[in-house]
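Inspection log for the structure reproduced underneath, given as structure tokens.
Any read-out appearing in this document is the output of simple, stated calculations on the displayed coordinates, not a laboratory observation. The model shown is predicted, which means the values in this text are computed figures rather than measured ones. For neighbour counting, all protein chains shown are included, and Cβ atoms are generated from backbone atoms with ideal geometry for every residue, glycine included.
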Amino acid sequence: MTSRLRILKIVFTLGVVGIWLRLAWWQAVVASDLRLQAQLQRTTSLQLPASRGQIRARDGFPLVANQESYLVYADPQKFRADREAVLRLWELVPPASTSALFSQPTQVADLSWVPLAHQISRQAKEKIEQLGLAGLGFEPEPARMYPEGTTSAHLVGFVGQDENGLPTGYFGLEGYYNRQLSGKPGRVTLEQDALNRPILIGSQNRILPQPGADLVTSVDRTIQFIAFTKLAAALERYGATAGTVTVMEPSTGKILAMVSLPGYDPGQYARFPSDLYKNPVISESYEPGSTFKVIVMAAALDAQVVQPDTRCDKCSGPRSVSGYTIRTWNDKYYPVSTMTEVIQHSDNIGMVWVGQKLGERRLLGYLKKFGFGQSTGVDLQEESAPELREQSQWRDIDLATASFGQGIAVTPLQMVRAVGVLANMGKLPTPHVVDQTVTSGRSRPVNQPKLRPGVISTAAAAQITQMMINSVNRGEAKWAKPEGFLIAGKTGTAQIPVAGHYDQEKTIASFVGFAPADDPQFVMLVTLREPQTSPWGSETAAPLWFDIAKEIFRYLKIGPSRFD
Amino acid sequence: MKKVYLLIVVVNLVLGAAQLGLSHRRATDGLVVAEADRRRSQLELQNQRLLEEVYLKSALVYVQKQVNQGQLQPARPQFVNPALPVAVAHPTADRP
């Protein structure tokens, strides 16, 4: 009996020790793992995406906003559809994206999530839902909408994905201000029951997302729209392959409009060739041709090597420089013409004479002061600035051709900025697009207007303005000029360098100017690449410039001048 | 001393009962919160859709389309050039 009791005692003791050890195991050794497992079972952690900021025109209207959009996906194990339904699905979702689901079902059979198409609109989603297909699902997905369509594509850029699949801005404002537009995502951790309903007495941790800042730009959507529609019509009318229109307020450097064609749809950028993404106004260099004469003449007037009434004593015929013969554009020559007439006739020989009087050292110094050879500092991604050659590399022929705008490369925005100096009585503006950022209703000004004084004197600016007014009123483009308005401008027709020589057939026609000349409200540059109806700027770019200017006058309520 | 112990026990019992009652009532409030959350999301979505429509229908591109469909003619403004002051327009008028 005693031995049986002893055995029972031992069994009980071992049992108690076993239970005790097991409890110690659960409560001491693996307790933290168990706690974690339990926590994971009932807590859910979600990333709260930050909404991307809008890009607005100066009247507050969004050029870019966010819209409701979906990713449509399939679960191959549950997906069931008859032939008719599949055909109807293909009308809404590109067949290319669903091909794996139908043509290689074995490859996707083990998957439970196959993305079919991104950025599906609400309307398309509703139509897909009406098909009643089993195994299809939708996930909300951020997407951008462009209420004004493609009119500002190059200016705003687009939103694509980075290497981690996160939305990232590329080109234009989306690229330059990506960090500010993106905001910071938040995170919520909360306890949920078996049916995913929140347990209120459970623990919660919520870090709210910080939405991206809205950008308020200086872009006037009416002027932008006018520039876009007029440029599109002009490309067709003149048979040009490409064109740009840039409008800037000279006193502040605010960009009022910037259009480049051919363009692309930023909402469907992947369908367009990638070489269209870059904005030619800031990244494509061209030889400005005769429009550059006003810059060289302004420099010569400032350096006082010429006066408006100074007469050229070597303008009676073609000039030979370093073995090259330089002629005027129409082979007409004007002996002893004044500097005002040199600009009016767009006289290459007269400009070579001016350039030689100025000399390469001084010319180079002025070009740098006008902002050539350096970035303009505009707040747009992908700006590039063609370099100016060092003084030691300049030959006589380089000085001669640069005097009438050939053999020197600039971007359209550099040209607008330089002419802005003339409109601004000698002060160099810094172009910019964004005026303020708005975060949670609070606005913060950015890009305060910056003017660098002393590029040329006020007197020289007034003189060149007068010469440009004369050029518009009496030059080759006078037929297209709107009656009664005081406009300072200059036409340009530049040959395009191809493989070390100039193509005789291909030109870039341009017109640059500002108005009203006595109180400039805007500087505008129009360029047309390879116009077919006429190669001359006076017959293509100038009429387009005046056509746009007329609409801007009406819109900005600018009346005709008394002194035309 | 006995009273203190009794008080502690009573306070603990009351607090325990209160916690139990509160937990019991609040535990089902998750349903209400989930419903409110769903409603909020729905209204936000509706708001977003209305905003999208407002943006699209007040865009110049849309207005232009409507104008073309309605075959409206563009305005043709007439600019009246202001007359020059007499002294400027006729600088030699006072001369013999």
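Close amide H contacts of A:A50 (hydrogens built in the peptide plane, cut-off under 5 Å, sequence separation of 5 or more or a different chain): A:G186. For the pair region B:47-64 / region A:351-370, the C-alpha centres are spaced 52 Å from each other. Taking 1.002 mPa s as the viscosity and 20 °C as the temperature, the Stokes-Einstein diffusion coefficient of region A:233-391 based on its alpha-carbon Kirkwood radius rounds to 116 µm²/s.
Compute the Rg/Rh shape ratio of region A:311-410: radius of gyration over Kirkwood radius, all on alpha-carbon atoms. Here the Rg-to-Rh quotient is 1.04. Modelled label positions at B:V14 and A:Q39, each set 7 Å beyond Cα in the direction of Cβ, lie 3.5 nm from each other. Expressed in units of 2.2 N^0.38 Å, where N is the residue count, the Cα radius of gyration of chain A is 1.39. Extending 7 Å from the Cα toward the beta-carbon at both B:T28 and A:L21 defines two label points whose distance is 4.8 nm. Pairwise Cα separations in region A:414-507 fall into 5 Å bins from 0 onward with the following percentages, short to long: 3, 11, 13, 13, 14, 13, 13, 10, 5, 3, 1, 0. Put a plus charge on the Cβ of each Lys and Arg, a minus charge on the Cβ of each Asp and Glu, and nothing anywhere else: the dipole of region A:114-207 about its Cα centre is then about 220 debye. Peptides A:437-450, A:306-319 ordered by packing proxy, namely the average of other Cβ atoms within 10 Å per residue, highest first: A:306-319, A:437-450.
With the cut-off at 1.5 for a/c, could you classify region A:217-256 from its C-alpha gyration tensor as rounded, prolate or oblate? Note, shape of region A:217-256 comes out prolate. Which of the three applies to region A:238-277, rounded, prolate or oblate, going by the alpha-carbon gyration tensor with a ≥ b ≥ c and a/c under 1.5 meaning rounded? Oblate. Between A:E126 and B:V67, what FRET efficiency follows from the Cβ-Cβ distance if R0 is 30 Å, with the result rounded to 0.05? Plugging the Cβ-Cβ distance into 1/(1 + (r/R0)^6) gives 0.50.
When restricted to Cα atoms, region B:1-73 yields an Rg and a Dmax of 30.4, 100 Å, respectively. Projected onto its three principal axes, the C-alpha set of region A:296-365 covers 30, 27, 17 Å, listed from the longest axis down.
Computed over the protein assembly as shown, the per-residue total of -39500 (n - 2.57) for DSSP H runs of n ≥ 4 gives a 222 nm mean residue ellipticity of -12000 deg cm²/dmol, rounded to 500. Report the Cα centroid-to-centroid distance between region A:22-55 and region A:416-443 in angstrom, as an integer. Here the two parts' Cα centres lie 51 Å apart. Only beta bridges with both residues in the protein assembly as shown are counted; by DSSP, about 95 percent of them are antiparallel. Residues B:L6, A:L116 in ascending order of nearby Cβ atoms (within 10 Å, fewest first): B:L6, A:L116. Kirkwood hydrodynamic radius computed over region A:410-467 comes to 13.0 Å, based on all pairs of distinct alpha carbons. In summary, region A:218-284 shows an alpha-carbon radius of gyration equal to 1.17 times the 2.2 N^0.38 Å reference for compact globular proteins. Close amide H pairs (under 5 Å, H built 1.01 Å from N) link A:L63 with A:I55, A:R56, A:A57, residues at least 5 positions away or on another chain.
Seen from A:I496, the other residues with C-beta closer than 14 Å to its C-beta sum to a net charge of -3, counting Lys and Arg as +1 and Asp and Glu as -1. Set the Cα radius of gyration of region A:167-285 against 2.2 N^0.38 Å, with N its number of residues, and you get 1.64.
Cross-link partners of B:K57 among lysines, defined as those whose alpha carbon lies under 28 angstrom from its own and excluding same-chain residues fewer than eight positions apart: A:K125, A:K127, A:K230, A:K254, A:K550, A:K557, B:K65. Sorted fewest first by neighbouring Cβ atoms within 10 angstrom, A:I128, A:I343 come out as A:I128, A:I343. The packing ranking, built from the mean of other Cβ atoms within 10 Å per residue, places the peptides A:497-504, A:532-539, A:351-358 in the order A:351-358, A:532-539, A:497-504, highest first. In the calculated pair-distance distribution of region A:149-223, the portion above 18 angstrom amounts to 59 percent of the Cα-Cα pairs. In terms of Cα atoms, the Rg and Dmax of region A:464-564 work out to 14.4, 50 Å. Approximating the spin labels as points 7 Å out from Cα along Cα→Cβ, the A:S274-to-A:V30 distance works out to 5.2 nm. Lysine pair count for region A:285-395 (Cα-Cα distance under 24 Å; residues 8 or more apart in sequence or on different chains): 10.
Listed from fewest to most Cβ neighbours within 10 Å, the set A:Y334, A:Y176 follows the order A:Y334, A:Y176. Pull out a ≥ b ≥ c, the square roots of the eigenvalues of the alpha-carbon gyration tensor of region A:108-201, then state rounded if a/c is under 1.5, prolate if not and a/b is larger than b/c, and oblate in the remaining case. Here region A:108-201 falls in the oblate category.
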